[in-house]
Amino acid sequence: MLQIEHYELLTPEGAKGEFGTFTSDYRTWPYRQYGNRVGFYRVLEILDELAVPVTAAIGAGAIEAHPEIVTEIVSRRYEIAVHGLTANRMITSRMTEDEERAHIQHSRDALRTTFGASPRGWLSAHTSHVRASARSRLVYTMDWANDEKPYRPLDAGGLIALPAPSGWDDVQTLWLRKLSADRFPRLVSDAIDALARASAMSARAVAIGIHPWVFEAAHCIRYLRETLAVAGRVYS
């Protein structure tokens with residue numbers, strides 16, 4: 001799951017999330033810029049080489065800030081999922097359901113206009129109410145990591161949850177929990193081995209979260225290749 005986000009240098013007053021206050025964060029902004037301007041293309045090279053299935057979760061802000069990224073994604077015919085507005089403007093528990101639905105619909109409409117088709121999936125930059133996603137005419141959400149199997153959340157109007165556990169997400173694992181990059185391929189390999197055995201009874205979901213601003217670094221990129229090579233054997 002390739003996650004493309006725009007990080008605003010100047011952010012709305014009061015914006016806050018797990019990365020800090022978002023107030024003119026001059027240390028985080030260059031990482032994000034480097035990821036979209038340089039790291040994204042390093043990641044594409046590996047994705048092209050290994051030919052693993054890709055869903056591109058794209059924030060509406062990234063479309064305007066980086067139209068060249070849109071061109072690359074269109075040419076590869078990736079599955080497209082809605083990924084909010086920007087990395088600084090997240091859905092939060094302070095929002096009403098109507099406010100959440102407006103946020104989702106704005107994000108969805110931006111992708112539909114750009115890519116010429118309505119995206120079916122939603123990945124928030126934060127947790128969201130499933131009702132808001134379902135009422136925005138989406139089919140699946142990847143926000144909920146409370147299972148290993150696809151399932152239908154209660155009161156979700158038929159929406160399907162495709163779990164994307166944070167343990168296989170580079171931001172959560174490498175950036176926030178400070179796991180060394182060389183351990184990531186083994187982590188994913190162990191997970192795939194265990195879930196492959198469990199899938200004899202019922203289907204399991206394995207979604208690997210990739211942010212170009214994390215795995216793009218020269219000392220990390222080799223471990224992305226190793227990780228995806230492990231995942232690729234599942235689809236071969």
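Between Ala203 and Tyr41, residue separation times 0.36 nm minus the direct Cα-Cα distance comes to 55.1 nm.
Taking the average, over residues, of other Cβ atoms within 10 Å as the packing measure, peptides 28-38, 204-214 rank 204-214, 28-38 from highest down. With the simple model of a label 7 Å out from the Cα in the direction of the Cβ, Arg177 to Ala194 spans 1.0 nm. Under 5 Å between amide hydrogens, built in the peptide plane, is the criterion, and for Asp25 it picks out nothing among residues at least 5 positions away or on other chains. Close amide H partners of Tyr151, meaning residues 5 or more places away or on another chain with modelled amide H under 5 Å apart, are Ala161.
Along the stretch 103-115 the Karplus relation, 6.51 cos²θ - 1.76 cosθ + 1.60 evaluated at θ = phi - 60°, assigns HN-Hα couplings of 4, 5, 5, 4, 5, 5, 5, 4, 5, 5, 5, 6, 9 Hz to successive residues, with x for each Gly and Pro.
Which trypsin sites (Lys or Arg not before Pro) in the stretch 67-115 pass both tests, a DSSP loop state and at most 12 other beta-carbon atoms within 10 Å?
Arg77, Arg94
Close amide-amide hydrogen proximity is noted between Ile91 and Ala125, His126, each under 5 Å apart and 5 or more residues distant or on a separate chain (H modeled in the peptide plane; Pro and chain starts excluded). Label-to-label distance for Ile221 and Arg94 is 3.9 nm, based on points extended 7 Å past Cα in the beta-carbon direction. Backbone geometry of the stretch 216-231 corresponds, through the Karplus equation with coefficients 6.51, -1.76 and 1.60 at θ = phi - 60°, to 3J(HN,Hα) couplings of 6, 4, 4, 8, 10, 4, 4, 6, 5, 4, 5, 4, 6, 5, 5, 5 Hz, x marking Gly and Pro. One chain, two ends: Thr28 and Asn146. Fully extended at 0.36 nm per residue, the span grows by 39.6 nm beyond their Cα-Cα distance. Using the Karplus relation 6.51 cos²θ - 1.76 cosθ + 1.60 with θ = phi - 60°, the per-residue 3J(HN,Hα) values for the stretch 203-214 come to 5, 10, 10, 10, 10, 9, x, 10, 10, x, 7, 9 Hz, with x marking Gly and Pro.
Laboratory data are not the source of any read-out in this text; all were calculated from the coordinates shown. Since the structure is predicted, the reported quantities are computational estimates derived from the model, not experimental observations. Every residue, glycine among them, receives a Cβ derived from its backbone with ideal geometry; neighbour counts consider all protein chains shown.
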